[in-house]
Amino acid sequence: MVSGLEKRFLAPEGWQNAGFLNPSTGHNIHYGYVSPAAPLATIVCVGGLSEFSEKYFETAQDMAARGYAFWFMDWAYQGRSSRLNTHPQRRHSDGFESDLSDLHEFIHGHVMPKSDAAVPMVLLAHSTGGNIGLQYLARHQNVFKAAAFTSPLLGIYNFNTGLKIVAAFLKPFLPLISKSYIFGGKDWNERARKSDGADIFSHDALRDHIHKSWSQTDQALQVGSPTFGWLFRALDACKKAQDPALLSSIKIPVLIVMARDDRIVDNAAIRRAAHHIPRAQLIEIAGAHHEILMEKDDYRNQFLNAFDKMVKENMIAFEQTNTHHHTERENDMQGFDKNKDRISDRILFALELALEQHDLELAETLNSALEISMTRNTGGGEFVERRDYPKAVESLLNNLRALKGKA
């Protein structure tokens, strides 16, 4: 607990901390979440370089007040997630592919099992998280119903020709220098950020100080400068995330809000990217600095108002689509009645529920049981099994194949 902070900057009521080991990366990942009893939407939030869940407590409170569940994951090598053993303050990277794997495990292994499949999920990502988030949306088309980005890292501010030449010279030596600090890098210290509302992060003195306050209070949250490994992998990830083919494959509504006075990320790259996303809305906030959710209210509220509008519109669209699918499914399921005595009917509806909850293991077991029940008389006597597959069953089996493909 940080003393002296206003209540809005502290953990919302009901906040829970947890973690998991991703066997694919070996990373121990920390996350936190809060959820009302019946959330209207589930917000999955990922932050920028060196950030941590505690920094987003005010945003978590804002989302909870709107009736949304809010989940936040600490990236590896920052926050309370895995660090380098011998140099825990160095902000390293194994490659953004590892981050994508951690995010996927977080969503499918922890967020979805605790969420109602009937509630739309929305991605909220900042800076480095924005880069990873865009790549995730392109790879996993049916997870989120909408997404919002603040100052996404698609290029580094003022990374000029001279710096590119230096980077090209150093790249062959990356195996030797990967875990070393970039030139001028060092462990965390109180002077690393001015944190007074007069720096490159924010104009709001209170919000700008949150990062420093938590880092001063809890050494586990302190993060130093990036390593050469992080820098080169971030540059590679920026190239990938700017790919027009990748961006044009993202079909959901996407809100991108950039700070016009950003001195950390490349705004020109953000504008180019937004042009390629079919349903993107780009908002430029004049005067704002990089950390829009930590900015003063005049700037921060511009994002929140646009975010509220996007979520509300897409919740309505989601409800309409859901209603249509349910009606269509009911028409297709004529003759399949879960109140009758056919075992296959009962298994079918259980399979449908398992797929909605993304429970692959149970869904596969139920699918096997469905196949057995529909190819023989089970139970004898008056039990009569259906032997033809209506369109709704074929649809469920397609959903099962898609779920297996994501596993």
Exercise for the section: Of all residues in region 181-195, count the ones that are surrounded by fewer than 15 Cβ atoms within 10 Å (Cβ to Cβ) and within 15 Å of PHE232 (Cα to Cα). Expected result: 1
Problem - Test: residue in region 275-290 that is crowded, with 20+ Cβ neighbours inside 10 Å, out of contact with any Lys or Arg (no Cβ under 7 Å at 6 or more places or on another chain) and among the aliphatic types (A, V, I, L, M) - result: yes
Exercise for the section: Determine whether GLY48 is more than 20 Å from ALA125 (Cα to Cα) and outside any strand (DSSP E or B). Expected result: no
Practice task
Could you name every one of the strands (runs of 3 or more DSSP E) located completely within region 65-160 that has at least 1 residues being aromatic (Phe, Trp, Tyr) and surrounded by 19 or more Cβ atoms within 10 Å (Cβ to Cβ)?
Solution key: 68-73, 146-150
Exercise for the section: State the number of residues belonging to region 201-235 that are touching a Phe, Trp or Tyr at 6+ places or on another chain (Cβ under 7 Å) and charged (D, E, K, R). Expected result: 2
Handout entry: region 201-228, residues that are assigned to a loop (DSSP other than H, G, I, E, B) and over 24 Å from LEU10 (Cα atoms)
Key = SER225
Exercise for the section: Six or more apart or on different chains, Cβ under 6 Å: which pairs go from a residue in region 180-199 that's assigned to a loop (DSSP other than H, G, I, E, B) to one that's among the aromatic types (Phe, Trp, Tyr)? Could you list them? Expected result: SER180/PHE228; ILE182/PHE228
Completion exercise
Scanning region 9-27 residue by residue, the ones that are surrounded by fewer than 15 Cβ atoms within 10 Å (Cβ to Cβ) and in contact with a Phe, Trp or Tyr (Cβ under 8 Å, 6 or more places away or on another chain) total 3
Completion exercise
Given (1) surrounded by fewer than 17 Cβ atoms within 10 Å (Cβ to Cβ); (2) in a helix (DSSP H, G or I); (3) in contact (Cβ under 8 Å) with a residue 60 or more places away in the chain, PRO175 misses just (3)
Problem - Checking GLY287 against (1) over 28 Å from ALA148 (Cβ atoms); (2) at pLDDT 65 or above; (3) over 23 Å from the mean Cα position of the chain (by Cα), the condition it does not meet - result: (1)
Exercise for the section: Using the structure shown, decide if GLU97 is among the charged types (D, E, K, R) and more than 12 Å from the chain's Cα centre (by Cα). Expected result: yes
Exercise for the section: Would you tally the residues in region 62-89 being farther than 20 Å from ASP99 by Cβ and over 18 Å from the mean Cα position of the chain (by Cα)? Expected result: 4
Practice task
Starting from residues that are without any contact (Cβ under 8 Å) to a residue 60 or more places away in the chain and in a strand (DSSP E or B), keep the ones in region 18-32 and report whichever is nearest to GLN61 (Cα to Cα).
Solution key: GLY32
Handout entry: Count of residues meeting criterion [out of contact with any Phe, Trp or Tyr (no Cβ under 9 Å at 6 or more places or on another chain) and either under 11 Å from ILE256 (Cβ atoms) or assigned to a helix (DSSP H, G or I) (or both)] in region 280-296
Key = 4
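The values are calculated or read from the model by the stated rules, or taken from the named source; none is laboratory data. Not measured: the values here are computed from a predicted model. Cβ atoms come from the backbone with ideal geometry, glycine included; neighbour counts cover every protein chain shown.
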